[in-house]
Amino acid sequence: MGPVDAALLVVGLAPGLHGAHRTGRPFSGDDSGGLLFEMLHAYGWANQPVSTGPGDGLVLQNCRMTNAVKCLPPDNRPLGHERRACSGFLRAELRGPRVIVALGRLAHDAVLAALSIRIAAYPFGHACEHRLDDRRVLIDSYHCSRYNLNTRRLTRDGFAAVFAQARRRLVA
């Protein structure tokens, strides 16, 4: 979702049962999307802070969103063969953006695997920034799931800091 030539790519894990699986758009209509679209709007990458699904008027600006896995995984945890089967789709999405925000360790690992980069060379950590090559940066964030928000593993301020960091990288 979003323009194919966007400078920012947000990579999630997989379609959520009540979100993308139902609406056909990443993060639209689920709890995780609530905070995500709010942040995209606050930092100028979306024209509105809410997305309920197609036809809601949402437009992403210089931002694209995708998932590491294209199908709804069992128990919300993609299996290795599912990640490998979808890696080519993710690889194609990674050609253009200068900044990639990975939502969660599995998205982080999927980005590195799709680029044939050794995962151990770039350990996951919230707000960690990894220079992938001379033009691309990967920024990690805890996933904006209800669980991570309720347990305060991820806070609103911590999530905002990741998107502020992404904005700084794009204007630098």
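Here are some notes:
- Global size of the stretch 8-171: 14.5, 42 Å for Rg and Dmax (C-alpha atoms, Rg to one decimal, Dmax whole).
- For the stretch 8-171, relative contact order (Cα pairs under 8 Å, six or more residues apart, normalised by length) works out to 24 percent.
- Considering helices alone, the calculated mean residue ellipticity of the chain at 222 nm is -10500 deg cm²/dmol, with DSSP H runs of length four and up weighted by -39500 (n - 2.57) and normalised per residue.
- Alpha carbon Rg of the stretch 104-160, scaled by the compact-globule rule 2.2 N^0.38 Å: 1.20
- Between Cys128 and Ala7, the FRET efficiency from the beta-carbon distance, with R0 = 22 Å, is close to 0.65.
Just so you know, all these numbers are worked out from the coordinates, no wet-lab data involved. Computed from a predicted model, the values in this text were never measured in an experiment. Positions of Cβ are generated from backbone atoms using ideal geometry, with glycine treated the same way; all protein chains shown enter the neighbour counts.
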